[in-house]
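Asks: Input: one structure, supplied below.
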Amino acid sequence: MKKITHLNSVYAFNIFNHFEVRHPLVNIVDWSKATLRPDCNVHLDLYCIALSILDNHEGKLSFIAPGNTIGIENTADQVFRKGHALVFHPDLIAGTALTEHLNVYHFFQNNSHQVLLLTPNECKIVSDCFAKIEYELSQPIDKHSKKLLISNVELFLNYCERFYDRQFSVPDHINQGMVKNFKQLLNHYFKCDNLIENGIPSVAYFADKLNISPNYFGDLIKKEAGKSAQEYIKDKIIDEAKNKIYNRSKSINEIAYELGFKYPQHFSRFFKKNVGLSPNEYRLSALT
């Protein structure tokens, strides 16, 4: 079993990989100079964005958010063994507007390694952004350093957001078809015995069925349908619950299990939170 090395600071990251320590919270690194450790997985409490240039001068931009563990022998992580990367600690941007904006960037999702494919021109933009940050790191730290570093990091991330939108933009009719397929899958899931066997479906379940990433799937549904995929699932549960409660042929406990809830009290809380009445209160109101 491979040991896991926990790197919770840029300093620890630099020392572990034999990189020069230039700033306590941020660095631009050359992965070709890193020490290869195939017997070790690395758990990062840092943001890491790596650029690798392919033979055709196109590139790949890979993202890792804090809390992820990477194994350098894995295919998905090979990009982190070559090229250049921006590494920074969350404290670099603490107290700034960029902290909140990081939650909007879809390429920084925990438990996933998001990869963007770049054109040669986009690779040049990334390299230019890295060069600006590299320049600041080469200067003595003064009262302007932090502001300029954060501004350049934010500029780079905004370009990444543009690259993300470009890569995942598709014609409207394809998006609408995806929404239609999602609704069909949702209806089919509730018609079969999936709820009893597998419980309430997740957004990731439907994204997998449609062969797209959960983050992109969520964005697509929200954009095209006006509400999130999670809201669709919730509304479907409520509709099914109302029909079953109104029928009166089954107890509330039986209905809860049929709808994928492990415990009836969880179903009762869910129903009251979203409908305003408990299941029993709703059943009584339907009789009046």
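Asks: Within the range 192-215, which residues are modelled with pLDDT under 85 and closer than 14 Å to Phe168 by Cβ? It would help to see each step written out before you state the result.
Replies: Pass one, the range 192-215, residues modelled with pLDDT under 85: 192-194, 211-215.
The answer is Asn211, Ile212, Ser213, Pro214, Asn215.
Asks: Could you say which residue among Ile125, Ile49 is at pLDDT 90 or above and closer than 18 Å to Asn215 by Cβ?
Replies: So the residue among Ile125, Ile49 that is at pLDDT 90 or above and closer than 18 Å to Asn215 by Cβ is Ile49.
Asks: Sticking with this one: Across the range 216-250, what is the number of residues that are of a type in the set (Ser, Thr, Tyr), part of a helix (DSSP H, G or I) and modelled with pLDDT under 90?
Replies: Filtering the range 216-250 for residues of a type in the set (Ser, Thr, Tyr) gives 216, 228, 232, 246, 249.
Next cut, part of a helix (DSSP H, G or I) only: 216, 232, 246.
Going one step further and asking which of them are modelled with pLDDT under 90, we end up with 216, 246.
Of the residues in the range 216-250, 2 are of a type in the set (Ser, Thr, Tyr), part of a helix (DSSP H, G or I) and modelled with pLDDT under 90.
Asks: Then there is this: Kindly evaluate Ala204 against the criterion of being surrounded by fewer than 17 Cβ atoms within 10 Å (Cβ to Cβ), among the aliphatic types (A, V, I, L, M), within 30 Å of Tyr105 (Cα to Cα) and touching a helix residue (DSSP H, G or I) at 6+ places or on another chain (Cβ under 7 Å).
Replies: On the way: surrounded by fewer than 17 Cβ atoms within 10 Å (Cβ to Cβ): yes; among the aliphatic types (A, V, I, L, M): yes; within 30 Å of Tyr105 (Cα to Cα): yes; touching a helix residue (DSSP H, G or I) at 6+ places or on another chain (Cβ under 7 Å): yes.
Criteria met by Ala204.
The values are calculated or read from the model by the stated rules, or taken from the named source; none is laboratory data. This one's a predicted model, so the numbers in the text were calculated from it and none came from an experiment. Positions of Cβ are backbone-derived with ideal geometry, glycine not excepted, and every protein chain shown enters the neighbour counts.
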